[in-house]
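Presented below is the structure to which this report refers.
Nothing in this text is a laboratory measurement; each read-out follows from the coordinates by a stated rule. Since we're looking at a predicted model, the values are computed, not measured. Reconstructed Cβ throughout: ideal geometry from the backbone, glycine too, with neighbour counts over all protein chains shown.
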Amino acid sequence: MKVGLSIGGGVGALDDIDPRHLAEDGFSSVFVACHERDMLWHAPRAADFARASQAAGLQVYVVPLGYGRVIDPDPSIESLYVREHPHNCQIDNRGRRCTKACPNNPSFLEWFSSNMRTLAWLLECQGFLWDEPSFYSARGGWGCRCEYCERLYYAEHECELPVDLSDSVVRFRRSSMTMFLLAAAAAIQSVDRRLSSVVMPSSVLTTREAGLGLDELNALAGSSAVDQVSAYASWHTGGPSMETAIGTTYEAVSEATSRQDKDCILWISGSPAPSDRLVDALRVAHVAGVEHLVVAGYQSLVASPAYAKIRAPLAQVIEQLR
Ligand SMILES: [Zn+2]
């Protein structure tokens with residue numbers, strides 16, 4: 001089992017990290033968050049980090065954040081594009097503009113693809129992770145009803161785009177999201193066809209809500225936009241146990257990916273807190289058959305002062321499970 005680490009916090013955080021130390025601790029991959037605003041001014045710093053990571057033997061995956069916020073794991077992540085191009089953003093069922101670009105908007109698609117090509121040129125990496133791509137969704141609200149979505153729906157169905165989130169709209173949003181991911185994968189693979197396109201569906205929103213969810217894994221794994229599927233196994237007090245969360249999430253995803261001869265990557269959160277039982281979680285994932293486990297993330301684990309206590313036993317167990 002390979003164990004990776006996700007690194008958030010932007011370019012500023014990368015300056016303090018020596019990838020050789022991560023490799024010494026047994027990590028074999030890093031998932032580096034690349035914020036739209038950082039990449040505007042500081043892309044060479046991210047490129048240096050990616051190069052140093054590769055030199056230390058780590059596999060690098062780029063995780064673009066912002067960029068119109070179609071890829072939107074955290075609503076607080078800002079996007080300059082959204083601020084400057086509100087007219088290319090989604091329109092919800094009440095006619096309001098949302099702070100999320102529309103994946104069917106041709107001008108946004110062109111801008112997004114061009115930015116992903118640039119990132120793929122700049123950063124030496126194994127692949128890109130598209131983190132929770134989604135349409136706008138809220139209680140009773142959904143996007144998108146912009147003119148492009150209306151036109152596209154009309155061309156496919158020869159009737160107006162319904163105001164209700166009907167099954168036909170759900171299918172339309174799902175296929176729109178798949179087309180967006182196809183464009184994203186094509187953009188990076190036009191730079192290097194070996195680059196892997198990894199998709200992390202939302203773990204909280206369903207396909208009906210987001211356009212893409214963990215509930216339609218077979219369709220996702222079967223898409224040519226997807227080389228690997230990622231999934232987050234989460235547990236909390238009062239919910240399923242860690243063993244159940246890891247076992248069931250991995251079983252569902254690996255069943256869909258193995259059918260397509262593709263790989264899956266399981267994510268868990270990790271900290272040095274004894275209550276988080278990180279070392280146990282690694283063993284449980286190994287027993288479940290996980291081949292690539294990613295711990296989220298650097299800030300909560302390695303940057304924590306308590307990491308010193310867990311560092312040696314963690315490295316030892318990573319080595320054992322390798
Ligand atoms: Zn739209």
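Using unit Cβ charges (K, R positive; D, E negative) and no other charged atoms, how large, in debye to the nearest 20, is the dipole of the chain about its Cα centre?
Working: 28 positive and 38 negative charges, 41 e Å.
It works out to roughly 200 debye.
Just from its helices, what would the mean residue ellipticity at 222 nm be for the chain, if runs of 4 or more DSSP H residues each count -39500 (n - 2.57) and the sum is divided by every residue, rounded to the nearest 500 deg cm²/dmol?
Values: 12 runs with 140 residues, N = 322.
Here the helix-only value at 222 nm equals -13500 deg cm²/dmol.
List the lysines whose Cα lies under 28 Å from the Cα of Lys262, skipping any in the same chain that are fewer than 8 positions away.
Lys2
With r as the distance between the Cβ atoms of Ala273 and Ser114 and R0 = 30 Å, compute the FRET efficiency 1/(1 + (r/R0)^6) and round to 0.05.
The formula returns an efficiency of 0.10 here.
Would you please name the GluC sites (Glu not before Pro) within the stretch 122-159 that are DSSP coil residues with at most 11 other C-beta atoms within 10 Å of their C-beta?
Those that pass, being in a loop and sparsely packed, are Glu158.
For a paramagnetic label modelled at 7 Å from the Cα of Ser241 toward its Cβ, which residues of the stretch 282-306 fall within the zone defined by backbone nitrogen distances under 13 Å?
Within reach of a label on Ser241, which here means backbone N under 13 Å from a point 7 Å along Cα→Cβ, the stretch 282-306 contributes 284.
Hey, can you rank 184-191, 89-96 by average C-beta count inside 10 Å, highest first?
Top to bottom by mean Cβ count within 10 Å: 184-191, 89-96.
Where both residues lie in the chain, what percent of DSSP beta bridges are antiparallel, nearest 5?
15
Any chance you could list the semi-axes, whole Å, largest first, of the equivalent ellipsoid that the Cα gyration tensor gives for the stretch 190-276, using √(5λ)?
Details: eigenvalues 128, 47, 30 Å².
Each semi-axis is the square root of five times an eigenvalue, giving 25, 15, 12 Å.
Just subtract the alpha-carbon distance of Ala312 and Asp167 from 0.36 nm times their residue separation and send over the number in nm, one decimal.
Extra length available between Ala312 and Asp167 comes to 47.0 nm.
Treat the count of other C-beta atoms within 10 Å as a stand-in for reagent exposure and order Ser269, Ser134 from fewest to most.
Least to most surrounded, the residues fall as Ser269, Ser134.
What does the charge add up to near Gly12, with Lys and Arg as +1, Asp and Glu as -1, over the other residues with Cβ less than 12 Å from its Cβ?
Net local charge, Gly12 excluded: -1.
Using modelled backbone amide H atoms (1.01 Å from N, in-plane), which distant-in-sequence or interchain residues come within less than 5 Å of Trp267's amide H?
Residues meeting the amide H criterion: Ala231, Tyr232, Ala233, Val294.
Considering only Trp121, Phe108, Ile91, whose Cα is most displaced toward the positive end of the charge dipole of the stretch 63-145, charges sitting on Cβ of Lys, Arg (+1) and Asp, Glu (-1)?
Result: Ile91, furthest along the dipole toward the positive end.
Give me a comma-separated list of calculated 3J(HN,Hα) values for the stretch 224-232, in order, Karplus coefficients 6.51, -1.76, 1.60 applied at θ = phi - 60°, integers in Hz, x for any Gly or Pro.
For the stretch 224-232, the Karplus-derived couplings read 6, 7, 10, 9, 9, 10, 10, 8, 9 Hz, x marking Gly and Pro.
Only counting other Cβ atoms within 10 Å, I'd like Cys264, Cys144 sorted with the fewest neighbours first. Please list the in-between numbers first.
Values: Cys264 23, Cys144 27.
Fewest-to-most Cβ neighbours within 10 Å comes out as Cys264, Cys144.
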